[in-house]
1. If the only charges are +1 at each Lys and Arg Cβ and -1 at each Asp and Glu Cβ, what is the size of the charge dipole of the chain around the Cα centre, to the nearest 20 debye?
2. Any idea which of Leu101, Asn123, Thr37 is furthest toward the positive side of the dipole for the chain, if Lys and Arg beta-carbons carry +1 and Asp and Glu beta-carbons -1?
3. Normalised by the residues of the chain, what does the relative contact order come to in percent, with Cα pairs under 8 Å and at least six apart?
4. Subtracting the Cα-Cα distance from 0.36 nm times the residue separation, let me have the gained length for Ala53 to Ala142 in nm, one decimal.
5. Let me see the pair-distance distribution of segment 1-84: every alpha carbon pair, 10 Å bin width, integer percents in order.
6. Stretch Leu28-Ala131 to full length: gain in nm at 0.36 nm per residue minus the Cα-Cα span?
7. Mind listing the Cα extents of segment 47-141 along all three principal axes, in Å, largest one first?
8. Hey, rough spin-label estimate for Thr102 and Phe70, points 7 angstrom out along Cα→Cβ, what's it come to in nanometres?
Amino acid sequence: MINKTASAHWTGGLKDGKGQISTESGALSDQPYGFNTRFEGQSGTNPEELIGAAHAGCFSMALSMILGDFDAVAEDIDTTARVSLEEQDGGFAITKVHLDLTARIPGLSESDFQKAATMAKENCPVSKVLAGAEITMDAKLAG
């Protein structure tokens with residue numbers, strides 16, 4: 001089992017409060033977040049952005065692994081995750097994640113590319129955590 005740690009510190013109320021997010025690796029260290037960074041477009045991060053980054057990274061790594069089953073190696077995998085936060089049942093929920101993938105993979109057919117991308121979308125660990133959300137994808141094999 002692998003354990004990774006992240007932490008959050010918060011002070012104040014919902015709209016006037018402020019928080020900081022940090023990760024064990026130091027990639028994030030007291031990164032500010034708050035109502036304004038989540039809902040009002042202010043500079044700083046928010047949980048949905050971090051989930052999107054985690055999903056894009058996890059998916060890209062999973063695709064790289066699955067490509068080995070097709071005897072293929074990617075020259076480039078470029079993934080963007082768009083996370084949708086919506087009001088639902090008196091609160092908020094992450095309802096959708098859309099993955100935009102463009103990859104350059106020499107010698108791989110379009111059919112095998114779509115199979116590999118779908119397998120990665122369905123099986124990367126972050127996709128599994130987000131099982132309650134609708135996960136969609138546009139996958140483009142670049143020439």
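We did not get these values from a lab; they are worked out from the coordinates using the rules stated. Keep in mind that this is a model prediction, so the values were computed, not measured. Please note: Cβ atoms are built from the backbone with ideal geometry, for glycine as well, and neighbour counts cover all protein chains shown.
1. Working: 11 positive and 20 negative charges, 53 e Å.
Computed about the Cα centre, the dipole is about 260 debye.
2. Looking along the dipole axis, the top candidate is Thr37.
3. Values: 230 pairs, mean separation 25.7, N = 143.
With pairs under 8 Å counted, the relative contact order is 18 percent.
4. On the way: separation 89, 0.36 × 89 = 32.04 nm, distance 2.22 nm.
Fully extending the segment from Ala53 to Ala142 adds 29.8 nm.
5. Over segment 1-84, the share of Cα pairs per 10 Å bin runs 15, 36, 29, 14, 5, 0 percent.
6. On the way: separation 103, 0.36 × 103 = 37.08 nm, distance 2.60 nm.
Length difference between fully extended and current span is 34.5 nm.
7. 50, 17, 17
8. Label at Thr102, label at Phe70, 1.8 nm between them.
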